Amino acid sequence: MTKYGSFPGARPRRLRTTPAMRRMVAEHRLHPADLILPAFVREGISEPVPISAMPGVVQHTRDTLRKAAVEAVEAGVAGIMLFGVPEDAKKDAAGTAGTDPDGILQVAIRDVRDEVGDDLVIMSDLCLDEYTDHGHCGVLDADGRVDNDATLERYAEMAQVQADAGVHVVGPSGMMDGQVGVVRDALDQTGHEDVSILAYTAKYSSAFYGPFREAVGSSLKGDRKTYQQDPANLRESLRELALDLEEGADMVMVKPALPYLDVLAKIAEAVEVPVAAYQISGEYAMVEAAAEKGWIDRDKAILETLTGIKRAGANMILTYWATEAARGL
């Protein structure tokens, strides 16, 4: 043994020596086509309305939504997920504005489709919470509980009007049992066999939704713990996954993203369909707030969070930074 025998022969650091070297051996790469932009469009406004808890994000007018869609296409973003924000006076117990062909979400779908055609995958939130005066994701029974099966009938109607408006993908997000199957049947029976379903397979009851409630003008009273998943449970997600796939989901999603990377990894390992993760409002707000304080490097933190979600197994990432990040990539 020579005097040099105690030095390591294997040196992983050799592959970290320069930016070019690190880029060459990177195991995961973000691409603009991985990204989907969630966007809010509000009825009855003439100027965009900033969302105080989400710096840089607004409730769009119809015109500024068109512009945002064009910018997303130019940046190479794959898709846009649309959320409608109706006037308060149009909210009711059944969320009828959500199934009105001339409701704000359906109008927005037509606007974006008219503006960008098939150059952007147009997705729509299929849920009643934005349109109900009680803020829940479904209709309520006589005891004030969300009625699962009555809600499914409403979701079937929503699927039809959103598809009629020209959406490419519907995203049933209410976590009702059987929602994917009912939506699939409704689409197929109305001649919309080509409209895809992005199933909100593992949607957890999370503290990180706070800023989103402002973004959609939520009227929620109480909480959604009886239908959204318990943060303590992982196996339950795999059961939800099996049911969604059996019912015809084309893609599946985990929401939120960063607090549930273990769930995301498990689901990604288990399926052959595309997997999405939603980097939600609270995740966005934390980074923006810390960056504003000067505590973190904003641009590096954004890239690191997105890379972590991709590394955990996401094929697609819904993020409010989609257009900005795509430009940087």
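The values are calculated or read from the model by the stated rules, or taken from the named source; none is laboratory data. Just so it is clear, the structure is predicted and the values come from calculations on it, not from any experiment. Positions of Cβ are generated from backbone atoms using ideal geometry, with glycine treated the same way; all protein chains shown enter the neighbour counts. For the accessible areas, the whole protein counts, side chains as well, though only heavy atoms, and no ligand, DNA or RNA atoms are used. Shrake-Rupley method; radii C 1.70, N 1.55, O 1.52, S 1.80 Å.
Among DSSP bridges having both ends in the range 33-159, what percentage is antiparallel? Round to the nearest 5.
Looking only at bridges with both residues in the range 33-159, the antiparallel portion is about 20 percent.
Rank by packing, highest mean first: peptides 283-292, 24-33, with packing defined as the count of other Cβ atoms within 10 Å averaged across residues.
The peptides rank, most packed first, as 283-292, 24-33.
What does the extension gain come out to for L140 and E246, with contour length at 0.36 nm per residue minus their alpha carbon separation? Before the final figure, lay out each step's value.
Details: separation 106, 0.36 × 106 = 38.16 nm, distance 2.71 nm.
This chain segment gains 35.4 nm when fully extended.
For the peptides 182-192, 117-127, what is the packing order when you average, over each peptide's residues, the other Cβ atoms within 10 Å and list the highest mean first?
The peptides rank, most packed first, as 117-127, 182-192.
Using the Karplus curve 6.51 cos²θ - 1.76 cosθ + 1.60 with θ = phi - 60°, work out ³J(HN,Hα) for each residue of the range 170-175 in order, rounded to whole Hz, and write x for Gly and Pro.
9, x, x, 10, x, 6
For the chain, what does the accessible surface come to per residue with a 1.4 Å probe? Please give it in Å².
47
Loop-only trypsin sites (Lys or Arg not before Pro) in the range 225-329, please: DSSP not H, G, I, E or B, and at most 11 other Cβ atoms within 10 Å. Numbers along the way, then the final one.
Values: sites: K225, R235, R239, K266, K293, R298, K300, K310, R311, R327; in loops: K225, K293.
When the trypsin sites (Lys or Arg not before Pro) of the range 225-329 are filtered for loop state and at most 11 Cβ neighbours within 10 Å, K225, K293 remain.
Net charge around T319, counting only other residues with Cβ within less than 10 Å of its Cβ (Lys, Arg = +1; Asp, Glu = -1)?
Net of charged neighbours comes to -3.
Once the piece of chain linking R298 and D114 is laid out straight, how much longer is it, given 0.36 nm per residue of separation minus the C-alpha distance between them? Can you show the working numbers first?
Working: separation 184, 0.36 × 184 = 66.24 nm, distance 3.47 nm.
Between R298 and D114, full extension yields an extra 62.8 nm.
Check which residues have an amide H placed less than 5 Å from L120's amide H, if you skip close sequence neighbours.
none
Expressed in nm to one decimal, what extension gain is obtained for the pair R22 and R327 from 0.36 nm per residue of sequence separation less their Cα-Cα distance?
Result for the pair: 107.7 nm of gain on full extension.
Which parts of the range 132-166 would a label at Q189 reach, counting a residue when its backbone N lies under 11 Å from a point 7 Å out along Cα-to-Cβ?
153, 156-157
Might you report the magnitude of the Cβ-based charge dipole of the chain about its Cα centre, with Lys and Arg at +1 and Asp and Glu at -1, to the nearest 20 debye?
Value, rounded to 20: 2500 debye.
Once amide H atoms are placed 1.01 Å from N in the peptide plane, what residues at a sequence separation of 5 or more from L140, or on another chain, have their amide H within under 5 Å of its amide H?
D147
Angle check, please: helix 62-75 long axis (alpha carbons) against the longest principal axis of the chain (alpha carbons), in degrees 0 to 90, nearest 10.
With rounding to tens, the tilt is 30 degrees.
What nm value, rounded to one decimal, do you get for the distance between E74 and K225 when each label is placed 7 Å out toward the C-beta?
My value for the distance between the label points is 4.7 nm.
Does the range 173-277 come out rounded, prolate or oblate, given a ≥ b ≥ c as the square roots of the eigenvalues of its C-alpha gyration tensor, rounded meaning a/c under 1.5 and, failing that, prolate meaning a/b above b/c?
It is oblate, given that a/c is not under 1.5 and a/b is not larger than b/c.
Quantify, in whole percent, the carbon and sulfur part of the accessible surface of the range 247-320 (1.4 Å probe; protein heavy atoms only).
Taking all protein chains in place, the range 247-320 shows 52 percent carbon and sulfur surface.
If you keep only loop residues by DSSP, which GluC sites (Glu not before Pro) in the range 86-175 have at most 15 other Cβ atoms within 10 Å of their Cβ?
Taking the range 86-175 and a limit of 15 other Cβ atoms within 10 Å, the loop GluC sites (Glu not before Pro) found are E87.
For the range 77-212, which whole-number percentage of the solvent-accessible area (1.4 Å probe, protein heavy atoms only) is attributable to carbon and sulfur atoms?
After summing per-atom areas, the C and S share lands at 44 percent.
With only Lys, Arg, Asp and Glu charged, each at its Cβ (+1 for the first two, -1 for the last two), find how big the charge dipole of the range 1-114 is about the Cα centre; round to the nearest 20 debye. Working shown, then result.
Numbers: 16 positive and 14 negative charges, 310 e Å.
My answer is approximately 1480 debye.
Across the range 127-143, in residue order, what do the Karplus-derived ³J(HN,Hα) couplings come to in whole Hz, using 6.51 cos²θ - 1.76 cosθ + 1.60 with θ = phi - 60° and x for Gly and Pro?
Karplus-based 3J(HN,Hα) across the range 127-143 equals 7, 9, 4, 6, 10, 8, 6, 9, x, 7, 7, x, 7, 9, 8, 5, 8 Hz.
What ³J(HN,Hα) values, in whole Hz, does the Karplus curve 6.51 cos²θ - 1.76 cosθ + 1.60 give for the range 147-158 when θ = phi - 60°, with x put for Gly and Pro?
Going residue by residue, I get 8, 4, 6, 5, 5, 4, 4, 5, 5, 4, 5, 4 Hz, with x marking Gly and Pro.
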